[in-house]
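The values are calculated or read from the model by the stated rules, or taken from the named source; none is laboratory data. A quick note: this is a predicted structure, and the numbers were derived from the prediction, not measured. Cβ placement follows ideal geometry from the backbone for every residue including glycine, while neighbour counts extend to all protein chains displayed.
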Amino acid sequence: MKGLSRLLVPIRAQNCSVAGYSKMAEVAVENGNDSITRVLFCGYYFPASHNYTREYLQSYPFIQVDTVALDEVPDVIHKYQICVVKSRRLDSELIAKAAQMKLIMQFGVGLEGVDVDAATKHKIKVARIPGSATGNSTSCAEMAIYLMLGLLRKQKELEISVKQRKLGEPTGDTLLGKTVFILGFGAIGFDLAKRLRPFGVKILATKRRWSSDSLPSSDSSFPNDDIDGLIDKKGGPGNMYEFAAEADIVVTCLTLYKETAGIVDAKFLSSMKKGSLLVNIARGGLLDYESVLHHLESGHLGGLGIDVAWTEPFDPEDPILKLPNVLITPHVAGVTEYSYRTMAKVVGDCALQLHSGKPFTGIEIVN
């Protein structure tokens, strides 16, 4: 089939868990389950996701991993037991075609493109891979700092100075002494705050709820009891305009859903300090495009650093990319060797667990 990439035959042993899963496979065969378990990756973007999963599973001939072009997913989805959606939207009509599907999952955390109610109706589990357990949230936090520093140090102007053989310009700025507002304090926000603290910044953060059991706890060096020492001021959604007015840098780390779509709008941007910076490493839909463009062109917004955009892949002709105070990266905040190898193992283990009739581990099932 056009656009289909497949790996079915074993190549070599990949890791120390081979023996354990081989035994599980033997048990499955004894129980009459000698069929192939099929995993579908939707689309060729984020290639390390399917490549690393194949590599992890290459010693297990009873697991088949396919990558299919986005527009071909409706034609083949009925053949698969696990679907890794990536950037493909799975609506109720498409889910209804998934006759053999047992698990729909994201290679990461974002499930806004999946009709969870439809999946539940068809008895299909929907899951994300918790970022705090895989290094994904850490990778995203580091990217946020990269974008902050790039804006403060005027990365585009630096490149021009090098080309023009200039020395000692432009004059940049430091994180030291800045106030950073983390809009959406989940796993990424938690890891970001930990890494920002040594820079000498003041940290503000908002979260829907601040119950201790909802805070990340993956790093024993920063237990939840220390949260008050990590954040200088914490609040809820009602404090977002107040915090925006106080901050030198706003970082959006929110989940995208109906209530947060376009939350960074004209009202929010107008409440920010003149010349302050905006960084988005969550979802492009959190920002209202026209409002952001207007506030950049007017000079009210001092700079924009984004790893996600309103439409993806990014349009290289988008006028917002032509501005000197805009930095953009191609949705790679979570794309690191550490996080992708770890998440590939989670996907692979889910396939092995499904094949052997074992309960899923390493994922957060949302339905």
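Being under 15 Å from the mean Cα position of the chain (by Cα) and in contact (Cβ under 8 Å) with a residue 40 or more places away in the chain is a condition met by no residue of region 154-177. Within region 339-367, the set of residues being over 15 Å from His50 (Cα atoms) and in a helix (DSSP H, G or I) comprises Leu352, Gln353, Leu354, His355, Ser356. Entry remark, region 292-338: residues being in contact (Cβ under 8 Å) with a residue 12 or more places away in the chain, assigned to a helix (DSSP H, G or I) and more than 29 Å from Ala48 (Cβ to Cβ) number 7 in total. Sort out which residues of region 61-91 are in contact with a Lys or Arg (Cβ under 8 Å, 6 or more places away or on another chain) and over 18 Å from Ala344 (Cβ atoms), and write them in order of number. Scanning region 61-91 gives Ala69, Leu70, Glu72, Val73, Pro74, Ile77, His78, Lys79. Could you tell me whether any residue of region 54-70 is modelled with pLDDT of 95 or more, within 30 Å of Arg197 (Cα to Cα) and of a type in the set (Phe, Trp, Tyr)? No, there is no match, as no residue in region 54-70 is modelled with pLDDT of 95 or more, within 30 Å of Arg197 (Cα to Cα) and of a type in the set (Phe, Trp, Tyr).
Considered as a group, the residues in region 84-123 that are over 19 Å from Thr67 (Cβ atoms) and among the aliphatic types (A, V, I, L, M) include one that is modelled with the lowest pLDDT, and that residue is Val109.
Criterion first (loosely packed, with under 15 Cβ neighbours inside 10 Å, among the basic types (Lys, Arg) and either in the same structural domain as Asp117 (by TED's automatic domain parsing) or part of a helix (DSSP H, G or I) (or both)) does Lys267 satisfy it?
Values: loosely packed, with under 15 Cβ neighbours inside 10 Å: yes; among the basic types (Lys, Arg): yes; either in the same structural domain as Asp117 (by TED's automatic domain parsing) or part of a helix (DSSP H, G or I) (or both): yes.
The answer is yes for Lys267.
With respect to the conditions (1) closer than 18 Å to Asp248 by Cβ; (2) surrounded by 21 or more Cβ atoms within 10 Å (Cβ to Cβ); (3) without any contact (Cβ under 8 Å) to a residue 24 or more places away in the chain, Ile104 lacks only one, and its number is (1).
Each row is one residue, and each column tells you yes or no for (1) under 15 Å from Ile328 (Cα atoms); (2) of a type in the set (Gly, Ala, Ser); (3) in contact with a strand residue (DSSP E or B) (Cβ under 9 Å, 6 or more places away or on another chain).
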position: Asp228; (1), (2), (3): no, no, yes
position: Lys233; (1), (2), (3): no, no, yes
position: Asn239; (1), (2), (3): no, no, yes
position: Ala247; (1), (2), (3): no, yes, yes
position: Lys258; (1), (2), (3): no, no, no
position: Ala261; (1), (2), (3): no, yes, no
position: His295; (1), (2), (3): no, no, yes
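You will find that of Leu301, Leu286, the residue that is hydrophobic (A, V, I, L, M, F, W, C), out of contact with any helix residue (DSSP H, G or I) (no Cβ under 7 Å at 6 or more places or on another chain) and modelled with pLDDT of 95 or more is Leu286 and no other.
Checking each residue of region 335-354 against the condition of being within 22 Å of Leu151 (Cα to Cα), touching a strand residue (DSSP E or B) at 6+ places or on another chain (Cβ under 9 Å) and modelled with pLDDT of 95 or more gives no match. Where strands (runs of 3 or more DSSP E) fall entirely within region 105-209, those with at least 2 residues that are assigned by TED's automatic domain parsing to the domain that holds Tyr80 and not hydroxyl-bearing (Ser, Thr, Tyr) are at 125-128.
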